[in-house]
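These notes are about the structure you will find just below.
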Amino acid sequence: MKHSAWLVVFACVALSGQSGPGDARAREIYRELIDINTTDSVGSVTKAAEAMAARLRAAGFAPADVQLLGPDPRKHNLVARLKGTGSRRPLLLVAHLDVVEAKREDWSVDPFVMIEKDGYFYGRGTTDDKAMAASLTANLIRLKQEGFVPDRDLILALTADEEGGRFNGVEWLVKNHKDLIDAELAVNEGGGGLMKGGKYLVNEIQASEKVYQDFRLETRNGGGHSSLPVKDNAIYRLSAALSRIAGFEFPVQLNDVTRTYFERSAAVQADPQVASDMRAVGRMNPDPEAAARLSTRSPYFNSLMRTTCVATMLEGGHATNALPQLAAANVNCRILPGEAPAAVKQKLVDVIADPKVSVNFVDEAKPSPPSPLRPDVMTAVESITKAMFPGVVVIPVMSTGATDSLYLRNSGIPTYGLEAAFGDMDDVRAHGRDERLGVKQFFESVEFHYRLIKQLSSGK
């Protein structure tokens, strides 16, 4: 079969969600990755990385172009390179192999055996992030075997410790082997396709993320016997401080990414009031009443518009019959890009308004700048989305959580979250019980990545 005809068949198969010859490799890789336990507690990322390295070498990649490395023998990262003409700087393709913990007794199926049923693939990591790891690996092999010569090197990085652990994965590669992954731009997780009731609505590009920062609130006093209570009770003082934080909202602040998110999201909103409020918030001067309505309607909308801080852990007291000598809490903040963590700390001090309650940083925040909405990336994503998913709107987003993209952005590599695996917005199971991804949606994401990689490395 001619190459062009094969592409047509592959696209039709992928869009129909049925398995065909072009899908077999991606399915096999996906299954192999899901079946390897890569949790922090007892799993081995190295085993998964070695399995992918073996596939790449068997496909014709030179041993020197497939490297396994990392500071932990159980958690090696894989870095592979498909060499191009060098006309442009490389394109980096990133996915993490580690997954969050999953207990068999909590699931209806074995989380570490991929099962296909009712139109879904089940297993830990099916959405976060082994679908992307399988897609990128399968596509790199496909491009190699097709004889495709990109105008830039294509670098694949399958990494460890995104979900837990420290000083490994992308962070470690940036600090210790930047030359192996240095690129003009990168594609990672963070964006995704959203559908509701089976209808595809938006394809998201993650271009920025909020800054994770914990603060420890603490108050101490001399304590005493519980039969002789006094007004200055450490637990009461801390409770008052937390109540003030609970009643405070940081001001609304939008950036280019979140402003564009609200502008474009309005087009797919069924509720006219929500659509109107989104357009009003997306203006250069956001309407405060519209922002208030959106904040009340959705915690997600609220988090997109402002820095948030919330109490997540408590400790206090040392005996049931003694006045507490210590009361402390962890307050977790998700800070908007560009807002200084020190300024957030000072605002908490001001809101608490009690010098006997100390506020201190827990670890050091890792802010990262938003990635610019590059015309080449936006054009590629919009054109492919239009061809594969007619009527779907492409929307840039700011993650309210965190990904490894922050390390890449801080190293000077603009990074874009582009998964293109559509999931129901009302049934998000990543990190949860019975994690799953639609069979049709998996193969669509594989085809999307194939087209995206080619367009970003050949202009075609």
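Among the residues of the stretch 348-385, write down those that are crowded, with 19+ Cβ neighbours inside 10 Å and part of a helix (DSSP H, G or I).
Listed by number, the residues that qualify are 348, 352, 377, 380, 381, 384, 385.
Out of the stretch 242-260, which residues are in a helix (DSSP H, G or I) and either hydroxyl-bearing (Ser, Thr, Tyr) or surrounded by 14 or more Cβ atoms within 10 Å (Cβ to Cβ) (or both)?
242, 243, 244, 245, 256, 257, 258, 259, 260
Can you tell me which residues in the stretch 81-106 are under 20 Å from residue 57 (Cβ atoms) and among the small types (Gly, Ala, Ser)?
84, 95
Applying the selection to the stretch 261-285, what residues are outside any helix (DSSP H, G or I) and under 24 Å from the mean Cα position of the chain (by Cα)?
Across the stretch 261-285, the qualifying residues are 269, 282.
Return the only residue of 49, 26, 53 being in a helix (DSSP H, G or I), touching a residue at least 24 places away in the same chain (Cβ under 8 Å) and over 22 Å from the mean Cα position of the chain (by Cα).
The unique qualifying residue is 53.
Given the criterion modelled with pLDDT of 95 or more, of a type outside the set (A, V, I, L, M, F, W, C) and either within 30 Å of residue 367 (Cα to Cα) or surrounded by fewer than 24 Cβ atoms within 10 Å (Cβ to Cβ) (or both), identify the matching residue among 432, 417.
417
Any residue in the stretch 208-227 that is more than 19 Å from residue 407 (Cα to Cα) sitting within a Cβ distance under 9 Å of a residue that is at pLDDT 95 or above and basic (Lys, Arg)? List the pairs, counting only those 6 or more apart or interchain.
215/345; 219/237; 219/356; 220/356; 221/237; 221/356
Quick grid of which residues meet (1) of a type outside the set (Lys, Arg); (2) out of contact with any helix residue (DSSP H, G or I) (no Cβ under 8 Å at 6 or more places or on another chain); (3) at pLDDT 95 or above:
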site: 156; (1), (2), (3): yes, no, yes
site: 165; (1), (2), (3): yes, yes, no
site: 184; (1), (2), (3): yes, yes, yes
site: 187; (1), (2), (3): yes, no, yes
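What strands (runs of 3 or more DSSP E), lying completely within the stretch 86-183, carry at least 2 residues that are without any contact (Cβ under 8 Å) to a residue 24 or more places away in the chain and under 15 Å from residue 435 (Cβ atoms)?
Output list reads 115-117.
Would you confirm whether any residue within the stretch 263-278 is closer than 23 Å to residue 401 by Cα, of a type in the set (Ser, Thr, Tyr) and in contact (Cβ under 8 Å) with a residue 60 or more places away in the chain?
Scanning the stretch 263-278, I find at least one residue that is closer than 23 Å to residue 401 by Cα, of a type in the set (Ser, Thr, Tyr) and in contact (Cβ under 8 Å) with a residue 60 or more places away in the chain, so the answer is yes.
The values are calculated or read from the model by the stated rules, or taken from the named source; none is laboratory data. Only a predicted model underlies this, so the values are computations on that prediction, with no experimental measurement involved. Glycine also receives a Cβ, built like all others from the backbone with ideal geometry; neighbour counts cover every protein chain displayed.
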